[in-house]
1. Mind jotting down a quarter of the surface of the convex hull over the alpha carbons of segment 5-126, in square nanometres, one decimal?
2. So, taking all protein chains as they sit and a 1.4 Å probe, how much accessible area belongs to K47, in Å² rounded to tens?
3. So if each residue of separation counts as 0.36 nm, and I subtract the Cα-Cα distance between E232 and H26, what length gain in nm does that give?
4. For segment 203-339, how big is the tail of P(r) above 17 Å, as a whole percent of Cα pairs?
5. Report the one residue of V274, I299, P287 whose Cα lies farthest in the direction of the positive end of the charge dipole of segment 248-314 (charges on C-beta: Lys and Arg +1, Asp and Glu -1; origin at the Cα centre).
6. Run the quick spin-label model on K7 and I373: label points 7 Å from Cα toward the beta carbon, then report their separation in nm to one decimal.
7. With the crude spin-label approximation of a point 7 Å out along Cα→Cβ, what separation in nm comes out for N62 versus K91?
8. Keeping all protein chains in position, work out how much accessible area M224 exposes to a 1.4 Å probe, and write it in Å² to the nearest 10.
Amino acid sequence: MIETLGKLSTVFLTVISRCKLYGSEHPFVIRAGLEFIRVFENIISEKKEFKLMFSGDNVILNGCVLPQGKESIEILARKISSCGIGFLEIKDGLKIEEFLAFCKGISNYPKEKIRSEKNILIGETHFKPKFSRENIEDMSIKEYKGNLESDVPDEVKELEILHKHIKEHFEVKAKNFESITLSFLKNFSKKSNIFLNMANLKEHHKYTYLHSANVSNLVIAIGMALGVDKKEVFQFGLSALLHDLGKTFIPENILNKPSRLTPEEWDIVKKHPVEGARLLVKQKNLPPLTSVVAFEHHIHFNGMGGYPKCKPPRKPCAVSQLISICDCFDALFAKRSYHNRYDILEALSIIQDSSGSLYNPYLVDIFSKFINISIEDIEGEVNILKN
């Protein structure tokens, strides 16, 4: 295997070098790139995964330290490390276009930004001081599955009571929602990492309340990180807390259905932005932003899709755009009744794939950087940056 990895490294270096000389579209480069994929496919068929980490002279493949002395592997490791990359995962299904784009980025670094591709993930590694070659577990990449075991917060229990009151009396107790938002602000000041403030969405029947609390926490955290005035952050958090208010009137058998919704059921769900906005706009003690966000949070950034349908088409306001991203992230990073739990990086990847159409690309970039920094802070061992 070490000989095959040596050959793979040699071809890898050849492609990088040729990209520098000829560009990524030259026949010499493409020929070498195809040879890399051929050798890589032989490795991935045996190893099933291909994850490299670099630390000084150490090269780690799938958690195992490779023997030193293979020059091509060590040269490749130094080359990749010099670009600020400490982690490299190449997935089965790698396409020649992806590989050449990646090599082009390395060959032109730092003039050109190196990005992850669909089947090439890159990142930084941060090891504990006690790391040694014999203590490989200190280098393991955490599987960020979102296994937060915290109990349902008191704020969420209060949200459930408030929503029941709304359902029975069509009345929004503004002061109570404001009090919960203030509590989130205070909590974030004490525990600045967002993952310490987000609740685990493990109980289906409490999903709506937990989800609203998490979206509010996310929006508050990003607003604080951007240095937005606290009064405005408060309004952002309050609007996020109330963004799904219209779901209060959706029958629970539809809201918690374990399988896909029928077209008729989906039509009922799509009414919740209008229903929520209609109720909120009547509340004199709430800022107008709450009803705007409730109405807009499912309208796409480009104004050409989502719901409700608007004539003429309209783009949502900036706060609605941010809440839409946080809304999607928490829905993906959660145990929903109709799909499996996504991990953090998969959730970010899905959002990034819709950047420019569903979501504001500038806000997606800010959000992605914020989440990656939060991962780094809370784990402190390894930070994977999905570009």
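The values are calculated or read from the model by the stated rules, or taken from the named source; none is laboratory data. None of the values given here were measured: they were computed from a predicted structure. Heads up, the Cβs are rebuilt from the backbone with ideal geometry, glycines too, and the neighbour counts pull from every protein chain shown. Side chains are part of the model used for accessible areas, which takes the heavy atoms of the whole protein and leaves out ligands, DNA and RNA. Shrake-Rupley method; radii C 1.70, N 1.55, O 1.52, S 1.80 Å.
1. 6.9
2. Counting only protein heavy atoms, K47 exposes about 80 Å² to solvent.
3. Here the segment from E232 to H26 would lengthen by 68.9 nm.
4. Percent of Cα pairs beyond 17 Å in segment 203-339: 60.
5. P287
6. 4.6
7. It works out to 1.8 nm between the two label points.
8. 50
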